[in-house]
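Student: First the structure, then my questions, so here it is.
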Amino acid sequence: MPKPVTFDLVKKDAKTHARRGVVHTPHGDIQTPIFMPVGTQATVKAMTSRELKEIGSQIILSNTYHLHIRPGEELIREAGGLHKFMSWDRPILTDSGGFQVFSLASLRKIKEEGVHFRSHLDGSKMFIGPETSMDIQQALGSDIAMAFDVCSPYPCDHRTAMEAMHRTHRWAKRCKEHHTREDQAVFGIVQGAFYEDLRIESAKVLADMDFPGYGIGGLSVGEPKPIMYGMLDAIMPYMPEQKPRYLMGVGSPDCLVEGVYRGVDMFDCVLATRVARNGTCFTDNGRLVIRNAQYARDFGPIEEGCDCYACQNYSRAYIRHLLKAGEITGGRLATIHNLRYLLRLMERIRKAIDEDRFEEFRRDFFNKYDMSRNF
């Protein structure tokens, strides 16, 4: 039986761990490294599907927990699946719902069968376990489904992290055994908190389960970035080379560059759209808060040289005016810019890897990028 999702490792950078690849899915190919815009509730906030295509989105992510809560996976199945429901004919990845459920610390109870919790909307009692998560994601019909995992908090002690990791492994096995949809792949998720021995063990155990791809979860949850980079350095030698590697929930420009440097292929994060609605924009120089008074009479684009619709047609002064006036278009234009910025950054990274100059690209990027204006 042909596999629904496969990965071709096209090129490895000569001087770093950066990689170029192609993820093949039922809804098209994905050139990696790639950033995936997050469409939590079957929409990337402030964006239409046509606009996502125009800015170069190859794949988007949707959220199992939120879609289960509202409108429900059966309604989406009735509509013809998530692709048809949201009018998106390119690949979709759905997360397992694990991170959202575990973030409801005061509303949930973790047991071996799964997680009992209360809806954040109305307080009603709910349950998601490995099998439930698979059933929801199969009803949604995404190209890539994520295994249901336990995300350890930061900080946590070694024993807590180890117990969560072992449960993640048991749940991963249950997810794989329960999953039956032939046009959908399931990725395992490496856990282990901030302990190198646990991270390495998790990478080895999941590699032996032979998933078609692997998420790296439980990072970017409040820890200093050097700790996250240390965990990536520790586990990469144990991650299968011929499978895509997905660093979950990471999306600031510096982290994308550093993640690729360490061998990551896929990223997602809500940061780009979230900060845009508050008037904060990505640039090669770092964070630009366009709401600030200094931009009131700045008639240049958000960033010189950017090819996005906002930068090609509007000034900082105009977008600032819209945001200050409470006009929704201001947030939309900032969102278009931020997403296009990250997707264009990944295009530049792929080109640098193709030309064996990623190390030079990384050096030049950080020479220009003001870390004091970072996210």
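Student: With the structure loaded, tell me whether Val257 is open to solvent by less than 10 Å² (accessible area, probe 1.4 Å), outside any helix (DSSP H, G or I) and not aromatic (Phe, Trp, Tyr) or whether it fails that test. Full working, then the answer.
Tutor: Details: open to solvent by less than 10 Å² (accessible area, probe 1.4 Å): yes; outside any helix (DSSP H, G or I): no; not aromatic (Phe, Trp, Tyr): yes.
No, not satisfied.
Conditions (1) surrounded by 24 or more Cβ atoms within 10 Å (Cβ to Cβ); (2) modelled with pLDDT under 95, marked per residue:
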{"residue": "Ser152", "(1), (2)": "yes, yes"}
{"residue": "Pro155", "(1), (2)": "no, yes"}
{"residue": "Arg159", "(1), (2)": "no, no"}
{"residue": "Arg167", "(1), (2)": "no, no"}
{"residue": "Lys173", "(1), (2)": "no, no"}
{"residue": "Phe187", "(1), (2)": "yes, no"}
{"residue": "Ala193", "(1), (2)": "yes, no"}
{"residue": "Ile200", "(1), (2)": "no, no"}
{"residue": "Ala207", "(1), (2)": "no, no"}
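Student: Find the helices (runs of 4 or more DSSP H) located wholly in segment 274-375 whose residues include 2 or more that are small (Gly, Ala, Ser), and list them.
Tutor: Values: elements: 309-313, 316-324, 328-354, 358-368.
Answer list for segment 274-375: 328-354.
Student: Still on this structure, please answer the following. Restricting to segment 175-185, and then to whatever is open to solvent by 70 Å² or more (accessible area, probe 1.4 Å) and assigned to a helix (DSSP H, G or I), can you tell me which residue is nearest to Gly98 (Cα to Cα)?
Tutor: In this case the residue turns out to be Lys176.
Student: With respect to Arg262, is the statement that it is touching a residue at least 60 places away in the same chain (Cβ under 8 Å), open to solvent by 10 Å² or more (accessible area, probe 1.4 Å), within 30 Å of Lys243 (Cα to Cα) and among the basic types (Lys, Arg) true?
Tutor: yes
Student: Quick one: which residue in Arg90, Arg77 is surrounded by 15 or more Cβ atoms within 10 Å (Cβ to Cβ), in contact (Cβ under 8 Å) with a residue 60 or more places away in the chain, in contact with a Ser or Thr (Cβ under 9 Å, 6 or more places away or on another chain) and not hydrophobic (A, V, I, L, M, F, W, C)? It would help to see each step written out before you state the result.
Tutor: Values: Arg77 fails: in contact with a Ser or Thr (Cβ under 9 Å, 6 or more places away or on another chain).
Answer to the selection: Arg90.
Student: I need a count of the residues in segment 138-158 that are within 19 Å of Val23 (Cβ to Cβ) and assigned to a loop (DSSP other than H, G, I, E, B).
Tutor: First, pick out the residues of segment 138-158 that are within 19 Å of Val23 (Cβ to Cβ): 140-147.
Cutting the leftovers down to assigned to a loop (DSSP other than H, G, I, E, B) gives us 141-143, 147.
Here the count works out to 4.
Student: Now for a different question. Got a sec? Which of His166, His116 is assigned to a helix (DSSP H, G or I) and of a type outside the set (D, E, K, R)?
Tutor: Details: His116 fails: assigned to a helix (DSSP H, G or I).
The unique qualifying residue is His166.
Student: Still on this structure, I have one more. Given the options Arg297, Arg332, name the one that is touching a residue at least 12 places away in the same chain (Cβ under 8 Å), out of contact with any strand residue (DSSP E or B) (no Cβ under 8 Å at 6 or more places or on another chain) and surrounded by fewer than 15 Cβ atoms within 10 Å (Cβ to Cβ).
Tutor: Numbers: Arg332 fails: surrounded by fewer than 15 Cβ atoms within 10 Å (Cβ to Cβ).
Going through Arg297, Arg332 in turn, the sole match is Arg297.
Student: Any residue that is open to solvent by 30 Å² or more (accessible area, probe 1.4 Å), touching a residue at least 60 places away in the same chain (Cβ under 8 Å) and either assigned to a helix (DSSP H, G or I) or of a type in the set (A, V, I, L, M, F, W, C) (or both) - is there at least one of those in segment 222-244?
Tutor: no
Student: Output yes when any residue across segment 120-133 is aromatic (Phe, Trp, Tyr) and within 19 Å of the chain's Cα centre (by Cα), and no when none is. Explain how you work it out, then say what you get.
Tutor: Step one: of segment 120-133, the residues aromatic (Phe, Trp, Tyr) are 127.
From what is left, the residues that are within 19 Å of the chain's Cα centre (by Cα) are none.
No, there is no match, as no residue in segment 120-133 is aromatic (Phe, Trp, Tyr) and within 19 Å of the chain's Cα centre (by Cα).
Student: Taking segment 1-58 on its own, how many of its residues are open to solvent by 30 Å² or more (accessible area, probe 1.4 Å), in a strand (DSSP E or B) and closer than 19 Å to Pro240 by Cβ?
Tutor: Of the residues in segment 1-58, 7 are open to solvent by 30 Å² or more (accessible area, probe 1.4 Å), in a strand (DSSP E or B) and closer than 19 Å to Pro240 by Cβ.
Student: Follow-up question, since we're still on this one. Just to check your reading of the model, which residue among Glu360, Glu347, Glu327 is over 21 Å from Glu51 (Cα atoms), surrounded by fewer than 18 Cβ atoms within 10 Å (Cβ to Cβ) and either modelled with pLDDT of 95 or more or out of contact with any Cys (no Cβ under 7 Å at 6 or more places or on another chain) (or both)?
Tutor: Among Glu360, Glu347, Glu327, only Glu360 is over 21 Å from Glu51 (Cα atoms), surrounded by fewer than 18 Cβ atoms within 10 Å (Cβ to Cβ) and either modelled with pLDDT of 95 or more or out of contact with any Cys (no Cβ under 7 Å at 6 or more places or on another chain) (or both).
Student: Could we say that Asn338 is in contact with a Cys (Cβ under 9 Å, 6 or more places away or on another chain) and either closer than 14 Å to Pro253 by Cα or modelled with pLDDT under 95 (or both) here?
Tutor: On the way: in contact with a Cys (Cβ under 9 Å, 6 or more places away or on another chain): yes; either closer than 14 Å to Pro253 by Cα or modelled with pLDDT under 95 (or both): yes.
Criteria met by Asn338.
The values are calculated or read from the model by the stated rules, or taken from the named source; none is laboratory data. Quick caveat, the model's predicted, so the values are computed rather than measured. Neighbour counts run over all protein chains shown; Cβ positions are idealised from the backbone, glycine included. Surface accessibility is based on the protein's heavy atoms, side chains included, excluding ligands, DNA and RNA. Shrake-Rupley method; radii C 1.70, N 1.55, O 1.52, S 1.80 Å.
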